[in-house]
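Everything on this sheet refers to the single structure shown next.
The values are calculated or read from the model by the stated rules, or taken from the named source; none is laboratory data. Owing to the predicted nature of the structure, the values given are computational and were not obtained by experimental measurement. Reconstructed Cβ throughout: ideal geometry from the backbone, glycine too, with neighbour counts over all protein chains shown.
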Amino acid sequence: MNALRLAAAFALAAIAAPAIAGPPYNTNDPAPTDTGHWEIYLFTQAGGSGSAFDDDTGVEFNYGPAKDLQISAAIPLSFAHDPIGGWRSGLGDIETGVKYRFINDERSGFSAAVYPKAILPTSSLASHQRTRFFFPLWMGKDFAGGTSLFGGGGYMVNPGSGNRDYWTGGVALTHRFGRRLQLGAEVNRQGADSVGGRPSTSMGLGAILDLKGPFRLLASGGPTWIDGGGCGFHAYAALGLDF
């Protein structure tokens with residue numbers, strides 16, 4: 001029974017990690033949406049271990065209302081399966097956030113931003129009954145030739161019975177091949193989010209393919225390891241629109 005509970009808890013943690021990230025990576029970058037422009041992602045993201053599986057499928061909106069500023073919202077539908085509860089579905093946790101880039105040195109290619117988020121307890125599937133808050137710092141540097149290095153992390157305020165606050169963060173390296181294709185790799189670390197829980201480490205590969213017009217395809221995925229044993233996966237795919 002403990003193994004089944006651990007697997008189910010891991011699946012929820014795996015699905016929560018991409019939700020505080022920048023498509024398609026778990027790691028975010030400091031660049032906001034261009035002023036006066038929209039970024040819309042029709043996404044699906046999944047995580048699991050063994051027979052425990054979670055998926056969020058929905059839409060994410062990003063808008064640039066002013067220079068160096070971005071406002072965001074994500075509305076998912078959630079699907080879950082575990083040996084105890086079987087299949088379940090319903091509205092997922094709605095996210096809202098504001099990204100502010102306070103450093104943008106074009107000469108050096110270095111930038112930094114804060115991106116606080118609120119994750120509302122709207123899901124009927126998760127154990128969260130109270131609003132969570134994430135307070136990260138994201139930094140990045142662009143190099144000549146189309147290579148970018150970005151990363152950072154922050155503190156998740158995770159209230160509720162049996163929950164605990166935790167730190168999480170990561171780093172990603174991407175490179176653009178030609179005009180349409182970008183490939184990257186990342187590594188992330190998350191602290192234990194529950195009493196008696198364990199930290200985890202995930203790695204992943206990602207790709208962004210620019211299509212004609214405002215469209216692009218995004219995908220990422222890889223393994224996740226729980227300290228002390230246990231391994232699962234995380235995956236993300238989306239159709240993006242920029243206009």
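A compact table of results
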read-out	value
Count - residues of the range 65-100 that are β-branched (Val, Ile, Thr), within 30 Å of Gly36 (Cβ to Cβ) and either touching a helix residue (DSSP H, G or I) at 6+ places or on another chain (Cβ under 6 Å) or part of a loop (DSSP other than H, G, I, E, B) (or both)	1
Tally of residues being over 15 Å from the mean Cα position of the chain (by Cα), of a type outside the set (A, V, I, L, M, F, W, C) and part of a strand (DSSP E or B) across the range 224-239	1
Selected residue (criterion: modelled with the lowest pLDDT) from residues of the range 28-68 that are over 25 Å from Glu186 (Cα atoms) and surrounded by fewer than 17 Cβ atoms within 10 Å (Cβ to Cβ)	Ser51
Any hit, the range 213-226, residues being more than 26 Å from Trp38 (Cα to Cα) and out of contact with any His (no Cβ under 9 Å at 6 or more places or on another chain)	yes
Selection status of Pro24, more than 18 Å from His128 (Cβ to Cβ), touching a residue at least 40 places away in the same chain (Cβ under 8 Å) and in contact with a Leu (Cβ under 7 Å, 6 or more places away or on another chain)	yes
Residues of the range 107-125 that turn out to be closer than 15 Å to Pro32 by Cβ, free of Cβ contacts under 8 Å to residues at least 60 places away in the same chain and assigned to a strand (DSSP E or B), as a count	1
